[in-house]
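Below is one structure, written out as structure tokens; the observations come after it.
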Amino acid sequence: MPLHNTEVLKAGPTSQLESAVLNPVTETYEFPEARQDPQTVYQTIHNQLILDGNSQQNLATFCTTWIELEVKQLMEESADKNMIDKDEYPQTAAIEERCVHMLADLWNSPEAASTIGCSTTGSSEAAMLGGLALKWKWRKRQRARGKAADTPNLIMGPVQVCWHKFCRYFDVEIREVPMEGDRLLLTPEEVLKACDENTIGVIVTLGVTFTLQFEPVHEISMALDKLHAETGLDIPIHVDGASGAFLAPFVQPDLLWDFRLPRVKSINASGHKFGLSPLGVGWALWREKHDLPEELIFNVNYLGGNMPTFALNFSRPGGEIICQYYNFLRLGKEGYREVQNGCYALGRYLAEKIAGLGPFKIIYDGHGGIPGLCWELKDPASSGFTLYNFADQLRERGWLVPAYSMPPNREDLVIQRILVRHGFTREMADQLLLEMRSALDHFARHPPENLALVGAAPNSHDHSGR
């Protein structure tokens with residue numbers, strides 16, 4: 001969760017609109033002494049929330065921002081359900097179990113009816129559970145061979161920050177393969193260079209945060225198969241399918257990335273991204289039961305019945321899981337395919353139009369990865385503006401289109417990215433294109449003063465959207 005510095009927040013409103021809504025009575029940092037009328041408090045908070053952005057114009061987030069009326073109703077009906085309390089809420093528990101096995105079937109588990117998995121608060125928690133299973137399995141193998149098990153490492157390409165957290169929190173050496181030149185993804189060749197007997201696994205990302213592209217799971221798996229045959233090193237793969245695990249099965253069914261590859265031992269996914277559920281649900285699944293060490297599973301009985309649990313969290317709402325189940329039944333493969341293909345088509349449309357604006361070079365055009373696109377400036381030195389300037393100009397019109405520099409060793413490359421999600425329409429895309437053209441015209445008349453090409457200015461808005 002983000003860390004908050006109250007002293008900074010207490011600096012006060014920065015605009016006339018904020019001044020009208022926020023004042024010492026409504027924006028307090030001290031616990032009040034007396035209770036107040038509920039409608040008064042509701043209206044106070046309602047007015048403050050007006051200052052938030054419009055989620056439909058947030059093209060930085062991967063998360064669901066449009067949901068059906070029935071989903072809202074199910075969320076309201078489930079507000080009091082604690083999904084961890086399976087004795088009190090057996091139907092919610094049964095729905096979670098059905099979702100796990102439906103996903104195992106979708107991801108081609110050889111034991112779809114009996115494999116093991118769980119819901120989580122999101123794909124970040126699910127990723128950490130997958131990483132823990134890799135570490136425990138590796139440690140058991142090392143000890144069985146009489147070898148030291150105190151220096152584990154994990155290989156990955158450009159990853160979401162959850163993997164940095166995992167390695168730091170759980171004392172695993174991170175071997176993050178840096179970008180080089182035009183190579184912006186993890187490749188089989190780079191994986192093999194980093195492997196040794198202390199490697200607990202390889203993280204392959206099906207939808208890289210920075211460029212939206214899928215990394216080559218099948219090719220990396222084949223390279224590790226060859227390494228195993230030649231050296232005896234048997235290194236598993238965990239697929240970070242935060243977005244791609246709810247895309248590839250519907251739009252690229254022949255793509256080999258899931259449990260059809262025996263080396264893929266676990267997958268994490270985010271239900272509240274392209275799984276189309278409300279915020280707060282992820283999934284972690286293992287290929288077969290023995291891929292999740294029993295030592296990581298806790299059995300508790302203080303909620304009324306004996307219950308196995310594997311999670312970093314404990315109590316959490318059940319509504320998001322129920323709504324995930326609703327989406328599975330409501331849409332089926334046909335519905336998901338239609339929704340996702342519509343998003344892909346809109347991403348490719350935007351890529352074509354933005355390339356035609358002139359100053360931009362498309363890096364990813366919406367083919368073969370996540371619905372969306374990303375681009376760089378063709379000639380940063382002579383453009384007269386930076387992508388940070390461009391993002392700020394669009395933000396003034398309500399559009400959040402993030403600009404950010406790439407990870408090592410391509411910090412020199414600044415790109416801009418659009419995510420196309422369910423609920424973003426062709427009309428909205430055309431309106432965005434008009435605003436982009438207007439921003440370019442503005443820079444032609446009024447070149448910005450700050451033209452730093454790498455990194456944002458001190459204390460400026462973080463454009464990354466990650």
Note to self: One residue is enough: does segment 68-78 have a residue meeting the conditions in contact with a helix residue (DSSP H, G or I) (Cβ under 6 Å, 6 or more places away or on another chain), basic (Lys, Arg) and surrounded by 10 or more Cβ atoms within 10 Å (Cβ to Cβ)?
What the structure shows: no
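With the condition kept exactly as written, say whether any residue in segment 378-386 is hydrophobic (A, V, I, L, M, F, W, C), in contact with a strand residue (DSSP E or B) (Cβ under 8 Å, 6 or more places away or on another chain) and crowded, with 20+ Cβ neighbours inside 10 Å.
As a first pass, look at segment 378-386 and keep what is hydrophobic (A, V, I, L, M, F, W, C): 381, 385.
With the extra rule that they be in contact with a strand residue (DSSP E or B) (Cβ under 8 Å, 6 or more places away or on another chain), the set shrinks to none.
Checked segment 378-386: no residue is hydrophobic (A, V, I, L, M, F, W, C), in contact with a strand residue (DSSP E or B) (Cβ under 8 Å, 6 or more places away or on another chain) and crowded, with 20+ Cβ neighbours inside 10 Å.
Results for (1) assigned to a loop (DSSP other than H, G, I, E, B); (2) over 13 Å from Gly201 (Cα atoms); (3) of a type in the set (Phe, Trp, Tyr); (4) open to solvent by 50 Å² or more (accessible area, probe 1.4 Å), shown as yes or no for each residue.
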site: Ala113; (1), (2), (3), (4): yes, yes, no, yes
site: Ser119; (1), (2), (3), (4): no, yes, no, no
site: Gly130; (1), (2), (3), (4): no, no, no, no
site: Leu134; (1), (2), (3), (4): no, no, no, no
site: Lys147; (1), (2), (3), (4): yes, yes, no, yes
Next item on the list: Could you pull out the residue among Thr115, Thr120 that is of a type in the set (Ser, Thr, Tyr) and out of contact with any Ser or Thr (no Cβ under 7 Å at 6 or more places or on another chain)?
Entry: Thr120
Checklist line | Pair list, Cβ < 9 Å and 6+ apart or interchain, from segment 104-122 residues that are within 19 Å of Ile321 (Cα to Cα) and charged (D, E, K, R) to residues that are part of a loop (DSSP other than H, G, I, E, B) and modelled with pLDDT under 95 | finding: Asp105/Ala112; Asp105/Ala113
Next item on the list: Can you confirm whether segment 435-450 contains a residue that is open to solvent by less than 80 Å² (accessible area, probe 1.4 Å), in contact with a strand residue (DSSP E or B) (Cβ under 7 Å, 6 or more places away or on another chain) and modelled with pLDDT under 95?
Entry: no
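The values are calculated or read from the model by the stated rules, or taken from the named source; none is laboratory data. Just so it is clear, the structure is predicted and the values come from calculations on it, not from any experiment. A quick note on method: Cβ atoms are made from the backbone with ideal geometry, for glycine too, and the neighbour counts reach across all protein chains shown. These area figures cover heavy atoms from the full protein model, side chains too; ligands, DNA and RNA do not enter into them. Shrake-Rupley method; radii C 1.70, N 1.55, O 1.52, S 1.80 Å.
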